[in-house]
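The values are calculated or read from the model by the stated rules, or taken from the named source; none is laboratory data. The structure displayed is predicted, hence computed values, not measured ones. Cβ placement follows ideal geometry from the backbone for every residue including glycine, while neighbour counts extend to all protein chains displayed.
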Amino acid sequence: MREKLQTIGRVKLVGVITFLAVILANVANVLISVFWGFETTWFEDILRATLIPIFLAPLLSWHLVSMFYKLDLLEKDMTLLARTDSLTLTSNRRYFYQQASDWLSDEFNQNRFFAFLILDMDFFKSINDQHGHLCGDKVLETLGCVLIKVAPSPSFVGRLGGEEFALFLPNVKQQDAEVVAAQICQTMRECVIEQDDKKVSCSVSIGISINKNNSKNVIESAFKYADLALYQAKNSGRDCYQVYLPESRH
């Protein structure tokens, strides 16, 4: 619906641009007539009044369309920058929660299940201290790429802050979420980051909550239970995932 409205808006904009171009062309024609400097015949007046708008209108239209097109591209770039974490190219925290909230508020998705995953790099502070922040950035970039590649469609990937990420999986069962988490753990385990002729291995711990979209504050509870599951994964030796099951909440 939003795309259709944008298309209609662009069509209207082109119409307005064409109208403005014709007006500007006629204004130019009047100015030329005023400052022509010598008398002309009626035939020359008609010829000038016809040819000048014909030639100027397309040129002005092209220039105006080109200008608005560049402004449209600039607006899209600014929107992308406002939504994206520049280091990992995942959604930033604000846009991640906006995407999740939009899905949860859709009436079609009421009472549907979703998985909420919280991911945390293992021993990230040690990596920064021992190998430097450039290496730490490479580790975060790697995790961002892995999440974007592994996450099924549709899903939402975001960096919550620091070395903590989140993954929102709509319409999935526990088994599906576990498959995704296991793949992420394995892929990160196999990754080797090279920094100053040194090879740095890395791993990730993941907490999973399986939730039903049937309450107003479901996103808060989903985060809470996934965070508790992440704590369990950390206490289980890291480099693994844990699921916080609904029956264990009571």
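Picking from residues in the stretch 180-193 that are part of a helix (DSSP H, G or I) and without any contact (Cβ under 8 Å) to a residue 60 or more places away in the chain, the one that is farthest from residue 145 (Cα to Cα) is 182. Quick check on this structure: which one of 102, 120, 129, 137 is assigned by TED's automatic domain parsing to the domain that holds residue 193, part of a strand (DSSP E or B), out of contact with any Cys (no Cβ under 8 Å at 6 or more places or on another chain) and of a type in the set (D, E, K, R)? Residue meeting the stated conditions: 120.
For residue 196, the stated conditions hold: it is farther than 25 Å from residue 102 by Cα, surrounded by fewer than 22 Cβ atoms within 10 Å (Cβ to Cβ), touching a residue at least 60 places away in the same chain (Cβ under 8 Å) and acidic (Asp, Glu).
The set of residues in the stretch 208-241 that are at negative phi, surrounded by fewer than 21 Cβ atoms within 10 Å (Cβ to Cβ) and not in a helix (DSSP H, G or I) comprises 212, 213, 214, 215, 216, 217, 236, 240.
When residue 152 is tested against (1) in contact with a Ser or Thr (Cβ under 7 Å, 6 or more places away or on another chain); (2) not in a helix (DSSP H, G or I), exactly one condition is not met: (1).
Only one entry in 160, 167 is surrounded by fewer than 22 Cβ atoms within 10 Å (Cβ to Cβ), part of a strand (DSSP E or B) and in contact with a Phe, Trp or Tyr (Cβ under 8 Å, 6 or more places away or on another chain), namely 160. Of all residues in the stretch 129-144, those that are within 13 Å of residue 193 (Cα to Cα) and surrounded by fewer than 17 Cβ atoms within 10 Å (Cβ to Cβ) total 5.
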